[in-house]
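Only one structure is covered here, and it is reproduced in the block below.
The values are calculated or read from the model by the stated rules, or taken from the named source; none is laboratory data. Source: prediction; values computed, not measured. We place every Cβ from the backbone using ideal geometry, glycine too, and count neighbours over all the protein chains shown. In case anyone asks, the SASA skips ligands and DNA or RNA and just uses the protein heavy atoms, side chains included. Shrake-Rupley method; radii C 1.70, N 1.55, O 1.52, S 1.80 Å.
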Amino acid sequence: MEVIIKADYAEMSKEAAKIIANLLYEKPNAVLGLATGSTPIGLYKELVRMHKEEGLDFSKVVTFNLDEYIGLPATHDQSYNYFMNDNLFKYINVNPENVHVPNGMARDVEKFCEWYEDEIDKAGGIDLQVLGIGGDGHIAFNEPGSSLASRTRMKTLTEETIVDNARFFANKDDVPRYAITMGVGTILEAGHCLMLANGEKKAGTVKKAIEGPVTQMVTASALQLHPQVTVILDEPAASKLELKDYYKWVYNNKPKC
Ligand code: F6R
């Protein structure tokens with residue numbers, strides 16, 4: 001696991017965008033796994049800037065989002081479909097046919113989840129998966145207690161997640177209780193996982209995920225089992241890491257070979 005610590009949110013976002021841009025220069029038809037939430041907004045802004053000012057091309061890119069609330073149509077302004085369009089897709093030249101966000105209105109959720117997994121397989125698997133981390137240590141909506149082998153499925157959100165996400169809704173009771181989410185097992189099959197976290201509020205959870213034991217109680221800790229993970233943090237999110245100085249030294253002294 002490579003841990004990169006940047007001064008602030010803007011630097012964290014730029015570093016993440018650079019990693020994605022480098023992948024697209026190397027593999028223009030890369031399959032990207034994408035996340036929603038507050039964390040990746042700066043990353044998406046930077047990708048939009050790179051598209052507009054530097055010609056970063058998304059025309060052959062395929063995308064799969066991690067999750068979606070059950071019961072919210074794509075037109076709902078708090079749905080993750082809406083979020084992705086509003087923060088990224090409408091500003092870049094991605095082909096709408098290549099975009100996949102789980103359908104929160106699917107009639108048969110189980111069938112939909114099987115189809116979603118099949119589509120990821122058919123696309124050749126996810127090359128790079130962008131992740132945030134929840135206050136309860138979740139990746140995607142894999143809440144504490146989720147199997148580390150789980151696949152795309154319906155998940156019941158914890159009270160902590162509902163309270164965390166209530167900031168986007170008129171009131172807490174409007175936050176959906178259920179979501180469709182890629183599983184931890186699905187995420188671990190991505191070629192490269194790129195997890196971002198910012199702010200002091202995330203520091204304790206980040207420490208548990210990176211330096212604590214691998215446990216289904218903090219599903220982000222499963223990333224420790226993945227051979228290619230990059231974690232990019234701002235200083236406040238990194239503030240509780242035991243090996244903080246070591247991670248910084250490693251990053252600043254990469255051998256040139
Ligand atoms: C969103 C997702 C979630 C968020 C996490 C952090 O697609 O999968 O796991 O990444 O809840 O959310 P923010 O970034 O809002 O703190």
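Looking at 10, 35, 16, just one residue is open to solvent by less than 60 Å² (accessible area, probe 1.4 Å), within 16 Å of the ligand (Cβ to nearest atom) and more than 14 Å from the chain's Cα centre (by Cα), and that residue is 10.
Just name the residue that is farthest from the ligand (Cβ to nearest atom) out of those in region 38-49 that are part of a helix (DSSP H, G or I) and open to solvent by less than 10 Å² (accessible area, probe 1.4 Å). By that ranking, first place goes to 47. Just to check your reading of the model, which residue among 186, 156, 219 is out of contact with any Cys (no Cβ under 9 Å at 6 or more places or on another chain), closer than 28 Å to residue 119 by Cα and open to solvent by 40 Å² or more (accessible area, probe 1.4 Å)? Matching residue, one of 186, 156, 219: 156.
This table checks each residue for (1) under 15 Å from the mean Cα position of the chain (by Cα); (2) of a type in the set (D, E, K, R); (3) open to solvent by 20 Å² or more (accessible area, probe 1.4 Å).
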| position | (1), (2), (3) |
| --- | --- |
| 52 | no, yes, yes |
| 66 | yes, no, no |
| 85 | no, no, yes |
| 114 | no, yes, yes |
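Look at region 239-257: where a residue is exposed (fewer than 14 other Cβ atoms within 10 Å of the Cβ) and a partner is part of a helix (DSSP H, G or I) and among the basic types (Lys, Arg), sitting 6+ places away or on another chain with Cβ atoms under 8 Å, you get 242/207. Considering each of 109, 163 in turn, give the residue that is in contact with a strand residue (DSSP E or B) (Cβ under 9 Å, 6 or more places away or on another chain) and either touching a residue at least 60 places away in the same chain (Cβ under 8 Å) or open to solvent by 20 Å² or more (accessible area, probe 1.4 Å) (or both). Checking each option against the conditions leaves just 109.
A single member of 170, 190 is under 16 Å from residue 132 (Cβ atoms), more than 13 Å from the ligand (Cβ to nearest atom) and among the small types (Gly, Ala, Ser), and it is 190.
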